[in-house]
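The values are calculated or read from the model by the stated rules, or taken from the named source; none is laboratory data. Source: prediction; values computed, not measured. When we count neighbours, we look across all protein chains shown, and the Cβ atoms used for this are built from the backbone with ideal geometry, even at glycine. Ligands, DNA and RNA are stripped out before the accessible areas are found, and what is left, the full protein with its side chains, is counted by its heavy atoms. Shrake-Rupley method; radii C 1.70, N 1.55, O 1.52, S 1.80 Å.
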Amino acid sequence: MTSTTELHDKPTISTDNSFFQGVKDCVPTLLGYISIGLAFGVVGSASGLSVLEIALLTILVYAGSAQFIFCALLLTSSPASAIIVTIFVVNLRHLLMSLTLAPHFTRYSMLRNVGFGTLLTDETFGVAVTKQMQNGKLYGKWMDGLNITAYLFWILSCVTGAFLGQWVANPEKWGLDFALIGMFVALLVLQLSSVNKTKIMHYLMLIGYMAVCMYGLSYIVPSHVAVLLATIIVATIGVVTDK
């Protein structure tokens with residue numbers, strides 16, 4: 001018999017797939033977007049980029065890690081080809097994330113799917129996976145609300161940070177270059193806190209596999225290739241061993 005408590009414990013969020021619900025589900029991640037966006041704006045300004053250049057980079061690239069890497073390579077006077085290839089390799093993880101969500105959007109047009117994939121980030125992917133676990137399905141209007149909210153706040157935060165960066169000469173002094181790493185650690189902790197002990201042990205095992213794979217592959221191939229190969233290998237292991 002199902003108790004009253006169990007009925008109340010069922011999340012109502014899983015039954016609402018509207019655009020506005022997507023906006024609401026994005027709200028918990030906005031603090032991360034704002035803090036990282038402000039940090040990137042400051043770092044970009046310290047790297048010699050103008051406010052307009054930072055805005056265009058944010059709008060067109062829309063990838064926090066890639067934008068930080070762009071600034072780092074720019075400071076070392078790396079050629080354009082090296083910057084493009086490096087950012088392409090780093091962002092290949094979005095291919096894996098898109099492939100994970102793609103089965104839920106086969107009923108939509110190719111143009112809609114391009115929109116879903118273009119605005120997909122690590123954070124919106126995490127929210128979408130949680131939603132899928134609760135609801136069993138994902139819907140276009142909900143995904144649009146999630147993605148568009150994140151995109152607009154990211155642009156606003158980066159541009160605001162660019163203006164503030166004109167008064168911050170040394171962003172490393174304030175630890176702003178560590179902001180992106182800190183956000184990913186927080187996302188990992190939140191993800192682990194929402195699953196049972198069996199799943200946690202499974203995820204911790206995969207993290208261990210990832211460390212071993214990256215360490216071993218780094219002796220054979222360049223580090224950025226090792227990250228990509230290790231991600232593919234461990235992601236495959238995770239899918240096969242998931243129960």
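Each of 138, 229 has its accessible area taken with a 1.4 Å probe; listed largest first, they run 229, 138. Of the chymotrypsin sites (Phe, Trp or Tyr not before Pro) in region 24-116, the ones in a loop by DSSP (not H, G, I, E or B) with at most 16 other beta carbons within 10 Å are 108.
Return the inverse of the average 1/r over all pairs of distinct C-alpha atoms in region 31-72, which is the Kirkwood hydrodynamic radius, in Å to one decimal. It is 10.0 Å. Cβ-Cβ distance of residue 110 and residue 211, R₀ of 41 Å, FRET efficiency by 1/(1 + (r/R0)^6): the value works out to about 0.60. Between residue 81 and residue 163, what is the FRET efficiency for a Förster distance of 30 Å, r being their Cβ-Cβ separation, to the nearest 0.05? It comes out at approximately 0.45.
How about region 206-243: which chymotrypsin sites (Phe, Trp or Tyr not before Pro) there are in a DSSP loop, with at most 15 other Cβ atoms within 10 Å of their Cβ? Answer by residue number: 219. What a 1.4 Å probe finds exposed on region 99-150 is 65% carbon and sulfur by accessible area, rounded to a whole percent.
Computed from phi, the 3J(HN,Hα) profile of region 69-86 under the Karplus parametrisation 6.51, -1.76, 1.60 (θ = phi - 60°) reads 5, 4, 5, 5, 6, 5, 5, 8, 6, 5, x, 4, 4, 5, 5, 5, 5, 4 Hz, with x in place of Gly and Pro. Across region 123-129, coupling constants 3J(HN,Hα) worked out from phi with the 6.51/-1.76/1.60 Karplus curve, θ = phi - 60°, read 6, 5, 5, x, 5, 5, 5 Hz, and Gly and Pro carry x.
Per residue, the solvent-accessible area of region 41-176 (1.4 Å probe, heavy atoms of protein chains only, all protein chains present) comes to 51 Å². Judged by the gyration tensor of its Cα atoms, with axes a ≥ b ≥ c, region 25-104 is oblate; a/c meets the 1.5 cut and b/c is at least as large as a/b.
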